[in-house]
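Participant: Structure in structure tokens, see below.
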Ligand code: HEC
């Protein structure tokens, strides 16, 4: 009787442990996969612009900003207006204002304040979000061609 009871108990525990291992096994693996995927996603979205974007920025975009925007957004170490530093692509990607809202939504120029503000600067200079601001003497808004370049830059890069 004790021998039988012992085996029964042993089997009982083996079953419990087995079931536990099964549950934790099938639970832990997906959890770990999920954690890895989440980390990977976070890393890729937080990473700086790609090399291609940086190159395109230097050749196509920086000269435009130099003429139309930099005067108020960080030139010569001056405090940038609106908390928006435009002296490099990395700075631009840090965002604007106290909350550091994103200025670029890669792939979506229409949702990117960097683009929409410049677009308003041409189409609706009196809008309070227009850049350069409409009431500024000697403002140099983008021309249509520059605006298209900016749009393509945001839409075709990461
Ligand atoms: C004459 C100065 C001046 C120039 C030039 C200028 N800005 Fe601005 N910018 C400002 C000021 C002032 C603010 C803050 C506005 C506010 O907070 O209401 C601002 C804020 C911004 C913001 C944040 C908008 C928001 O919703 O708070 C963006 C984006 C921006 N500028 C983009 C540009 C771009 C792009 C250019 C060039 C095409 C440009 N700015 C040129 C003065 C300027």
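Participant: Roughly speaking, what % of Cα-Cα pairs in segment 51-156 are separated by over 24 Å, rounded to a whole number? Don't skip to the end; give the middle numbers.
Facilitator: Working: 739 of 5565 pairs.
It works out to 13 percent of all Cα pairs.
Participant: I'd like the per residue volume of the convex hull spanned by the Cα atoms of segment 99-158, given in cubic angstrom.
Facilitator: Values: hull volume 4.9 nm³, N = 60.
Measuring per residue, one finds 82 Å³ for the Cα hull of segment 99-158.
Participant: Given R₀ = 41 Å, FRET efficiency for residue 124-residue 54 by Cβ-Cβ distance, to 0.05? The partial results should precede the final answer.
Facilitator: On the way: r = 31 Å, r/R0 = 0.76.
Calculated value: 0.85.
Participant: Under a crude label model (7 Å from the Cα following the beta-carbon direction), how far is residue 108 from residue 135 in nanometres?
Facilitator: It is 3.2 nm.
Here, each number is a calculation from the coordinates, and none is a lab measurement. What you are looking at is a predicted structure, and each value in this text was computed from that prediction instead of being measured. Backbone-built Cβ (ideal geometry, glycine too); neighbour counts: all protein chains shown.
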